[in-house]
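Written below as structure tokens is the structure these notes are about.
Laboratory data are not the source of any read-out in this text; all were calculated from the coordinates shown. Fair warning: this is a prediction, and the values are worked out from it, not measured in the lab. Neighbour counts run over all protein chains shown; Cβ positions are idealised from the backbone, glycine included.
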Amino acid sequence: ASGLFYSASGIKNNPLHDAANFVTTDAAAKFEWALSAFETEMRDLEASWEQAVAKGVTIPCHIHQTWKTHDLPLNMASMVASWKDSNPECEHTLYDDAEIAAFAKEHFADSIWPIWDYLKPVEKADAFRYMVVLKLGGYYADTDVACNSPIKEWKVPEGIALITGYETAYELSESLRARVKFSRAEQVEQWFFAAAPGHPVLKKSIELLVQKWKEGKRSTLELTGPGTFTDAVYDFLHHGPMTHDDKLDLPVHEAMGPSGQQVWMLQAQEVSMGFTADGDWAGTRLIKHDFAGTWKK
């Protein structure tokens with residue numbers, strides 16, 4: 001299926017390159033054919049997940065990170081090192097652009113790979129984090145995120161199958177949400193998360209990405225970014241789509257979701273430095289996000 005859209009003549013000859021024509025071209029029909037294979041793959045993943053839950057799932061101690069090359073800028077190199085130094089018992093893998101492309105082609109040939117060349121670099125990095133944790137499980141962190149405390153000291157209960165956190169310490173008003181260009185008023189961050197392989201939130205993230213691409217959505221924040229990830233978390237916990245006006249209204253430090261596949265929500269102060277509550281918060285900042293903003297460049 002991965003050969004459906006590609007030729008030596010490159011991107012300009014691919015009908016998918018023109019988003020406006022996507023839904024009316026022959027490429028769209030071929031993409032529908034590829035999606036049928038993808039839907040079969042997703043059903044297989046769901047069946048495998050149910051079997052895994054019955055046996056008991058765990059989050060592997062494997063930290064995944066990605067950058068353009070293996071030659072990291074100095075500030076990022078120190079942040080990446082913080083994950084390895086704080087968690088020597090964990091496997092650590094840094095993937096470059098060529099390696100994440102190979103991963104997409106090998107494992108998601110019927111879904112992400114057909115549109116890979118038309119995603120922006122940051123959108124590929126977004127897609128990869130969902131793909132790699134869905135397939136292998138473990139912890140994902142952007143390379144501008146530092147680990148301040150060993151993972152084993154985070155006091156996450158046994159049996160948790162997904163860890164993430166709030167991006168803000170309070171719900172943003174609609175006017176503020178629009179002004180700061182957030183996708184959701186009560187957004188879930190995705191510069192860091194962890195999950196057992198096959199977790200439905202990651203599966204849903206991939207499905208939403210493909211669905212939004214098919215619908216012609218091309219905003220990075222909405223297509224691959226926190227809009228999609230927040231929607232996937234919300235869908236898993238509340239079984240329905242999320243809109244700009246919806247509130248997540250999820251507690252923190254409480255296992256949520258079906259038994260055996262529960263989500264652990266971290267406070268914004270533990271994982272973020274943006275729009276957090278004022279005052280002398282005495283908790284532990286587990287990670288530090290430097291907000292390098294390289295995705296905007």
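Listing for the model above:
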item: Scaled radius of gyration (Cα, divided by 2.2 N^0.38 Å) that segment 130-261 gives; result: 1.04
item: Sequence ranges 37-47, 260-270, ranked by mean other-Cβ count within 10 angstrom, highest first; result: 260-270, 37-47
item: Filtered GluC sites (Glu not before Pro), segment 93-158: DSSP coil and at most 11 other beta carbons within 10 Å; result: Glu158
item: Whole-Å distance, taken between Cα centres, linking segment 72-111 and segment 53-69; result: 11
item: Enclosed volume per residue, in Å³, of the convex hull spanned by Cα atoms of segment 58-156; result: 97
item: Sequence-distant residues sharing a close amide H with Gly165 (under 5 Å, placed H); result: Glu189, Leu266
item: Counted charge near Lys204, where neighbours are those whose Cβ lies closer than 11 Å (Asp, Glu -1; Lys, Arg +1); result: -3
